Structure formats: C-alpha cells, structure tokens
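Heads up, the thing below is written out as structure tokens.
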Amino acid sequence: MTFYDFVIVGAGTGGCLAAKTAANLGLKVCLIDRKREKEIGDKVCGEAIGKGYFEELGIKAPSGPEFARIIDGADIYSPNRKTRFRIRSEELVGFVINRHEFGQRLLKEALDAGADLLDHSLVKKVIIENDFVKGVEVKSLKTENDFEVYGKITVDASGFASVLRKQLPETWGVEPFIRNEDTELGYMEIRELREQLTEPNYIRIYLSNKIAPGGYYWLFPKDGTKVNVGIGVQMTKNFPDPKRLLYEHVLTSPMFKEKLIKGGTWFIPTRRPIATMVGNGIIMIGDAACQTNPIHGGGIGPSMIAGKIAAEIGAKAIERNDVSQTALWPFNLAFIKRYGKKAAGLDVFRIFLQKCSDEELNYGMENRLITEEDLLKASVGEPLRLNITEKASRVFRGIGKLSFLRQLNFTANKMNEMRALYDNYPSPEGLAEWNAKVQRIIGEMKAMNF
C-alpha cells in the first residue's frame, strides 16, 4: 500500500502535465500507465497542436525528432472540392508533431520533476471510502500482482474509455457514459509520398457527409514527404468502417501508392466537456472529460491546459486539507473559462454541420452563405453575429436554399445562447438545473430540420 498526494491515471499529454506541475509544486506524485515506459506517447491521433498552447503553458515548443511541420493555417474543402476556404489566424498557427517523441519528452519532464512512474500497470478500480475517492486498485502487467495506490487526489487522465468515471457515485453529477452520437471513430495512416505536397504548411480538411458521415477526412503534411491522412465518422447506428471509407474514397489517389508507415483506429469524443469534471477527491482531464474540439476532435492542447490547472487547483485543496467536490469546483470554473465555453459553442455548430447534406454544404460554401469568416469565428469559439445587411445579401444569393440560411441563423443564435449559459456556470447545488438548460439547447439543435 503506497500513499501519494496525487495519483494520476494515464501518462498522456494531460497526465504528464499534471504530474510535472504537481511535482514542481513539491507534491508527491504517482503516474500510472498501461504501456511500458518506452511506449508511452505512441498514440494514434491527428498530431496537430496550436503554437499558443506552448506559450501559455511556458513549455518548449516542439523541436528535434518530435517536430514534424509548422502549420500556418487550414484549407477547408467543400464536398465536391470546387470551393476552398483558406482559414488563417493566430490561433490556427501551430505544429504537426511526431506523437511518440513528443509524449516521451513530456514524460521525461514529469519524471525529472520528481514524479514516480508505474508503467505497464492496469488500473482496475477506483477506491471509494466514505464518499471520497481515495486512490485506485492496480494490476501489474509485469508481475500479475494486484495492489493499491492511495492518494489525496486522483486525476483521471485515462482516456475516452475511462474506467474510473463509470464507477463514481451518481449523486456527484458526473456523466458515466458518452453517447455514441457524440463520438467519432477515427482511422489514420502515416504514409510516405513520392514527393512533397504543394504548400505543405497548410493542413487540409475535407467536408463530406457521404464520404465521412458526421465527420470529415484530412491530410496533414508532416516532415519531408510524410503525411498523416485519416477520416473520422460519427458513431450513429450502423456507422460505416472508417478504414474502408478511407481506402475507397481517399487512398485511391495515385499519391498514396507509396510506403505505408503505420496506421490505427481510435475513439474521439466530439462534444462539449462533461458537465462536472470533479468529484470528491477526483479530477477528470483530457478525453476522460471530453476536453476536445467538437469540430475536429483535437485534444492535445486542451488536455495539457487541463493537466496544469488540475495540479494547481488540487495543490491548493490539499494545502487546505479539503479535497471535496466543492473545494475542487474551481477546476470546472477555470477550465470552462479557458476552453469549455468555446467547446460548448462549437458543439452546437458541430450538430449543424452533421445535419447538412453534401449538396447544402457545396451550395452554402460556393455562394458564401457560409464564409471563411463564419468558419474562422466558429473554429476559435467566437460568437456569430450576422448583421441585417449581410443577412439580406445572403438571402438574395441563397434563393431556393432559404431553409439552409434559416438554420444557419438559428445555429448562430443557439451558439450564442450556449456561450451565455456557460458564462453563468453554477455552483455544485445548481448543476442539475444548469445542465437541463444545456440539454434543452442540444435537443433543439438535434430536432432542427432543414
């Protein structure tokens, strides 16, 4: 039986930042991961992250083996590929990384700060005593032995399938399960092309509900002639296999006939963060708390922000000898202010895009019913405000597609309504009433008909 201040389950980007931050604050930290130490960081994902996260967190930007490519912006293509929107903003400047090397660097920084690592160890169960999380039950995959690790605060950074979240008391208000319709199944491959892509500093995103139902497919240039190419599909009933779709509709291009380096499938939560990310003695971060971008599923940056906030808020709670849900509630407030409010607005826009047919997206982009400015505002979580003159102009251009325009306006209003609701995030006592209002907005969006 071992005792720590922080027990952190999952050595991903969020878990490592939490471990490093807590250890630097002088706390005793245990970091647990199912993978062997040298395998940590080897995760299937899109591998893109904004530059601003490194500046905000005060950590070194990717370099050396972990650096793959600078990103200057994004090109977004209509389903028929006849219209391209080039989206450029300071928030979109960033990097394509080599995920394994980047993860190994973050792990080293956590261990150098003083965190202990239990690698190749499977967390089986959360330990709850007197209505507080006290640690976790673990099985060593090296020795097959079971043991317990206790901590004043447990951080669940175990990913989308989180074993811990599902075991928490219902009275805490933590959502145990994530709906399939709010999840995408992604499949990606790293491929070597014959020659480098033109304009390799722009990531490419392709919209099409025929090719990628409820999601999109992408092409992210990496170092040299390597690319990250993949597809994500919404996990609605009878959803198609994304690997099959990628091979049928994307990899048929002659450019992909060269070397396949690796590929893989993973689950992507594409919704706003769970309503509360804390309970008595526990904080949830990263995919375990749905802290991703609902539009494109990117979660590396938000998870690192959450890890740092979790360690800082948790350290203060430990100092006051109060790790109750109320004492940890400032984590909810801080993360929602930093990212959750933006994600909630994007969740509304995500539902709108999933309802659009390819014909509507083609028409809307070609005739600028949706503009680059709209997509830019949506991508960075800003309110959409269409002035009267602009509305009148778009109606004229959109004759025959008035329902599409009406739903776009409806979506903009609901995005703003959701953001206002998140500006008034409640105390623990008001969570149920507040979340009912969130669900009402989501329900209205899902009931919207074109």
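All of the numbers you see were taken from the coordinates with simple rules; none came from a lab. All values derive from a computational prediction rather than experimental measurement. Glycine gets a Cβ as well: all are built from the backbone with ideal geometry, and neighbour counts include every protein chain shown.
Before moving on, here are some points about what is shown:
- For q = 0.23, 0.25 Å⁻¹, Debye-computed log10 I/I(0) when each Cα of the stretch 1-86 counts as one equal scatterer: -1.25, -1.32
- Sites listed here are trypsin sites (Lys or Arg not before Pro) in the stretch 202-301 whose DSSP assignment is loop and whose Cβ has at most 14 other Cβ atoms within 10 Å: 210, 237, 257, 259.
- Neighbours of residue 18 by Cβ distance under 13 Å: Lys/Arg scored +1, Asp/Glu scored -1, total -3.
- Considering only 4, 162, 93, and ranking their Cα positions along the charge dipole of the chain that arises from unit charges at the beta-carbon of Lys, Arg, Asp and Glu, the one farthest toward the positive end is 93.
- Segment residue 447-residue 101, length gained on full extension (0.36 nm per residue, minus Cα span): 120.2 nm
- Spin-label pair residue 248-residue 63: with each label point 7 Å from Cα along the Cα-Cβ axis, the two points sit 4.7 nm from one another.
- Placing dummy labels 7 Å off each Cα toward the beta-carbon, the span from residue 143 to residue 177 is 3.7 nm.
- Net charge of Cβ neighbours under 13 Å - reference residue 306; Lys, Arg +1; Asp, Glu -1: -1
- For the chain, share of DSSP beta bridges that run antiparallel, in % to the nearest 5: 70
- Net charge, residue 85 excluded, C-beta distance under 13 Å - Lys, Arg +1, Asp, Glu -1: +3
- GNM flexibility winner over the chain from 315, 432, 68 (Cα, springs under 10 Å): 432
- Stretch gain in nm, segment residue 195-residue 403, where the contour uses 0.36 nm per residue and the Cα spacing is subtracted: 70.5 nm
- Within straight-line reach of residue 142, meaning a Cα separation under 16 Å, sit the following aspartates and glutamates at least 8 residues removed in sequence or on another chain: 33, 37, 39, 119.
- Cross-link pairs exceeding 28 Å between alpha carbons, from the set 257/342; 243/355; 20/134; 20/377: 257/342; 20/377.
- With a Förster radius of 22 Å applied to the beta-carbon distance between residue 38 and residue 262, the computed FRET efficiency rounds to 0.85.
- Extension gain, residue 125 to residue 70: 0.36 nm times the residue separation minus the Cα-Cα distance gives 15.7 nm.
- A simple spin-label model places the labels of residue 322 and residue 366 6.2 nm from each other, with each point 7 Å out along Cα-to-Cβ.
- Of the chymotrypsin sites (Phe, Trp or Tyr not before Pro) in the stretch 144-253, those whose Cβ has at most 11 other Cβ within 10 Å and which sit in DSSP loop: 177
- For the stretch 181-269, the share of alpha carbon pairs falling in successive 10 Å distance bins from zero is 18, 51, 26, 5 percent.
- Efficiency of FRET between residue 91 and residue 112 - r from beta-carbon atoms, R0 25 angstrom, step 0.05: 0.25
- The GluC sites (Glu not before Pro) of the stretch 166-215 that DSSP puts in a loop, and whose beta carbon has at most 12 other beta carbons within 10 Å, are 195.
- Considering only 106, 361, 260, the Gaussian network model of the chain with Cα springs below 10 Å gives its largest mean-square fluctuation to 260.
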